[in-house]
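Quick notes on the structure that follows.
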Amino acid sequence: MLRFVSVWRRNFLVWRKLFVASVLGNLADPLIMLFGLGYGLGALLPSVEGMSYIAFFAAGSLCSATMYTASFESMFSAFSRMHGQKTWDAILYAPLVIDDVVAGEIVWAASKAWLTGSTILAVIALFGFAASPLALLALPVAFLVGLAFSSVGLVMTVLARGWDFFSFYMTLVLTPMIMISGVFFPAERLPGPVLAAAKLLPLWHGVELARPLVAGRLPAHALLHLGVLVIYALAGCAAAMVFARRRFSE
Amino acid sequence: MNDAALEATGLRKSYGGAEVLRGVDLSVPRGECFGLLGPNGAGKTTTLRLCLGLIAPQGGEARLLGHPVPREARVARERVGVVPQFDNLDPDFTVAENLVVYGRYFGLGEAAIETRIPRLLEFAGLAGRAGAKITALSGGMKRRLTLARALVNDPELLFMDEPTTGLDPQARHLIWERLRQLTQEGRTIVLTTHAMEEAERLCARVLILDGGRVIALGSPRELIAAHIEPQVLEVHGAGLEAWLATARTLAPRVEHAGETAFCYAADAAPLLADLAGRSDLVYLHRPANLEDVFLKLTGRDLRD
């Protein structure tokens with residue numbers, strides 16, 4: 001049952017060896033965005049939803065950075081292990097089956113994403129944008145956002161025949177999603193159908209949970225938002241296992 | 001309770017309508033070094049994958065160390081090692097880390113693996129290289145590390161897919177030496193190879209596969225005796241075309257392939273007498289080997 005842990009530990013050991021480059025890559029980008037946009041654009045804006053723009057953007061940035069880390073790890077890194085290095089093939093000679101590998105990869109990508117999210121939360125707190133200890137509840141939210149995007153990312157990976165495949169997902173799914181999910185500006189400003197589409201996607205639900213928590217309030221409809229993230233994680237994981245079994249039975 | 005390390009009956013497998021295996025039977029007793037031979041596309045790798053329980057057959061069944069696979073493949077593979085055709089070592093890790101991480105997949109504890117590492121490295125001729133990076137290893141060293149990795153769980157049965165392809169003679173001989181050692185320890189080895197010389201040296205029995213069917217099975221010596229005249233003369237040179245008619249009267253079987261004639265005979269003396277002193281023909285006289293059997297049974301045409 002816990003066979004997947006050895007796959008997780010393999011990836012963790014690689015991460016530990018490449019720690020500096022990896023952390024820099026995952027954190028520098030979102031933090032530069034946060035302070036650049038937050039202070040730069042924030043200077044032009046009075047306040048958004050009753051808070052400073054940078055405080056508003058901080059919670060969104062926490063979710064989007066978590067999403068990106070989960071997606072990159074579960075797609076580009078996992079694909080290189082599966083396709084280029086044939087690491088998965090080597091693992092499958094041992095008493096592990098493809099479901100173990102898929103589970104290990106998803107939980108690993110979610111863990112790495114969680115680290116990005118929680119470090120951003122720490123920076124937010126350090127700069128005084130976290131209103132109360134309630135912000136700590138954004139930690140499990142970040143893990144759940146990570147799980148949802150890792151699962152979906154891994155579906156892409158086990159379906160991919162080459163690297164190009166991921167550009168479609170990045171450009172056509174993730175980039176629009178980040179624009180309509182309330183990361184940079186309140187999603188309520190969007191036209192009705194666009195907002196309705198955002199509500200079907202996991203990122204919007206993550207932001208709806210994280211933003212009030214960082215601002216020191218309990219989120220409304222928390223169970224609904226959690227439920228959507230859990231469904232994405234479980235459905236994605238199940239789909240990834242089905243497609244991976246098909247790919248590896250060839 | 002049967003004592004076969006590996007047993008398969010009537011294995012069938014097709015991909016997209018193309019039949020790769022059309023009913024393959026094999027049985028490997030414990031402690032035997034068994035060779036799986038065949039031209040490219042004959043179904044060797046598919047047979048290995050089925051026996052490991054990595055894929056399911058459309059027909060027939062396989063038992064690996066007594067466990068039906070793929071149903072109980074996980075349990076069976078706890079006692080199995082695999083050396084794949086292409087190295088898939090972890091390039092981010094050192095030599096020792098590769099072994100530690102791989103041992104964990106078998107549920108082995110850190111301490112248990114650490115105590116095995118020196119012996120495994122010694123066995124693979126990699127003593128003192130525990131901290132070396134994979135990128136710093138030669139092709140032969142990588143192959144040996146892959147062998148060490150396959151032994152991390154102390155397996156009863158070892159699958160090796162073309163273990164010496166691309167290695168220099170020194171590295172090849174070391175691998176052969178180690179495989180003999182492993183069979184002497186009572187382990188079973190299932191080997192695929194294109195090097196007939198290797199199969200002849202190492203394998204107690206070989207199975208020749210072609211077009212997804214078993215076309216021959218037996219010890220190398222039996223197969224040579226059953227299919228081929230014991231003496232072979234390979235003849236080439238400018239006068240070959242003219243000499244062929246004579247050759248056919250002196251040898252029971254002559255195969256003409258390109259610029260060379262292969263003459264197979266129980267007694268090579270008449271051929272040798274006829275060729276003595278001829279300057280327009282060059283010849284090589286040798287005993288028949290497994291490669292002759294292989295080529296006779298599977299043909300000389302190229303396979304891709």
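Around the amide H of B:Thr188, modelled in the peptide plane, lie the amide H atoms of B:Gly31, B:Leu157, B:Leu158, all under 5 Å away and 5 or more residues distant in sequence or on another chain.
Quick check on segment B:4-224: of the DSSP beta bridges with both residues there, what percent are antiparallel, nearest 5%? Walk me through the numbers on the way to the answer.
Working: 23 of 40 bridges.
For segment B:4-224, the DSSP antiparallel bridge percentage is about 60.
Of B:Thr193, B:Thr183, B:Thr115, the residue with the greatest mean-square motion in the GNM of chain B, using alpha carbon springs below 10 Å, is B:Thr115.
Rounded to the nearest 5, the antiparallel percentage of DSSP beta bridges internal to the protein assembly as shown is 70%. Using θ = phi - 60° in the Karplus curve 6.51 cos²θ - 1.76 cosθ + 1.60, the 3J(HN,Hα) couplings for segment A:34-41 round to 4, 7, x, 5, x, 7, x, 6 Hz; x is entered for Gly and Pro.
Helical runs assigned H by DSSP (4 residues or longer) give chain A a calculated mean residue ellipticity at 222 nm of -23500 deg cm²/dmol, each run adding -39500 (n - 2.57) before division by the residue total. Comparing B:Leu281, B:Leu26, B:Leu179 in a Gaussian network model of chain B, where Cα atoms under 10 Å apart are tied by springs, the biggest mean-square fluctuation is seen for B:Leu281.
Amide H contacts under 5 Å for B:Ser219: B:Val206, restricted to partners 5 or more places along the chain or on a different chain, H placed in the peptide plane at 1.01 Å from N. Note on segment A:98-194: Kirkwood radius taken over Cα pairs, Stokes-Einstein applied at 20 °C and 1.002 mPa s, translational D equal to 138 µm² s⁻¹. Between B:Leu36 and B:Leu191, B:Thr192, B:Thr193, B:Leu207, the built amide H atoms are under 5 Å apart, and every one of these is 5 or more places off in sequence or on another chain. Using θ = phi - 60° in the Karplus curve 6.51 cos²θ - 1.76 cosθ + 1.60, the 3J(HN,Hα) couplings for segment A:57-71 round to 5, 4, 5, x, 5, 4, 6, 6, 5, 4, 4, 5, 4, 4, 5 Hz; x is entered for Gly and Pro. When the Cα convex hull of segment B:4-224 is projected onto planes of every orientation, the mean area is 11.9 nm². Exposure proxy for A:Trp88, B:Trp176, A:Trp15: other Cβ atoms within 10 Å of each Cβ, ordered fewest to most, give B:Trp176, A:Trp15, A:Trp88. For segment B:175-182, 3J(HN,Hα) computed residue by residue from phi via the Karplus equation (6.51, -1.76, 1.60; θ = phi - 60°) reads 4, 4, 4, 5, 5, 4, 4, 5 Hz, glycine and proline entered as x. In the P(r) worked out for segment B:58-137, what percent of Cα pairs fall beyond 16 Å? That tail contains 62 percent of the Cα-Cα pairs. Think of the protein assembly as shown as a dipole: +1 on every Lys or Arg Cβ, -1 on every Asp or Glu Cβ, centred on the Cα centre; then among B:Phe123, B:Ala238, A:Pro212, A:Pro212 lies furthest on the positive end.
Normalised by the number of residues in chain B, the mean separation of alpha-carbon contacts (under 8 Å, six or more apart) gives a relative contact order of 20 percent. The count of lysine pairs in chain B that are at least 8 places apart or cross chains, and whose C-alpha atoms lie under 24 Å apart, stands at 4.
What shape does segment A:161-205 take by its C-alpha gyration tensor, where a ≥ b ≥ c are the square roots of the eigenvalues and a/c under 1.5 counts as rounded, a/b above b/c as prolate, and the rest as oblate? Since a/c reaches 1.5 and a/b is larger than b/c, the shape of segment A:161-205 is classed as prolate.
Taking other Cβ atoms within 10 Å as a rough exposure proxy, A:Met33, A:Met67, A:Met177 sort from fewest to most as A:Met33, A:Met177, A:Met67.
Entry for segment B:1-62 at q = 0.12, 0.14, 0.24 Å⁻¹: log10 I(q)/I(0) = -0.29, -0.39, -1.05, Debye formula applied to identical alpha-carbon scatterers, no solvent contribution. Fewest neighbouring Cβ atoms within 10 Å first, the residues B:Arg143, B:Arg129 line up as B:Arg129, B:Arg143.
Two decimals, Cα atoms only, Kirkwood Rh: what is Rg/Rh over the protein assembly as shown? Could you put the intermediate results ahead of the total?
Values: Rg = 31.0 Å, Rh = 27.3 Å.
In the protein assembly as shown, Rg relative to Rh is 1.14.
For segment B:229-287, the alpha-carbon radius of gyration amounts to 0.96 times the rule-of-thumb value 2.2 N^0.38 Å expected for a compact globular protein. Considering only the Cα atoms of chain A, their convex hull presents on average a projected area of 13.8 nm². What trypsin sites (Lys or Arg not before Pro) in segment B:58-98 are in a loop by DSSP, with at most 14 other Cβ atoms within 10 Å of the Cβ? Hits after loop and neighbour filter: B:Arg71. Among B:Pro270, B:Pro70, B:Pro155, the largest mean-square fluctuation in a Gaussian network model of chain B (Cα springs under 10 Å) belongs to B:Pro270.
Laboratory data are not the source of any read-out in this text; all were calculated from the coordinates shown. In this text the structure is predicted, and so the values were computed from the model without any measurement. Cβ sites come from the backbone with ideal geometry, for glycine too, and all protein chains shown count toward neighbours.
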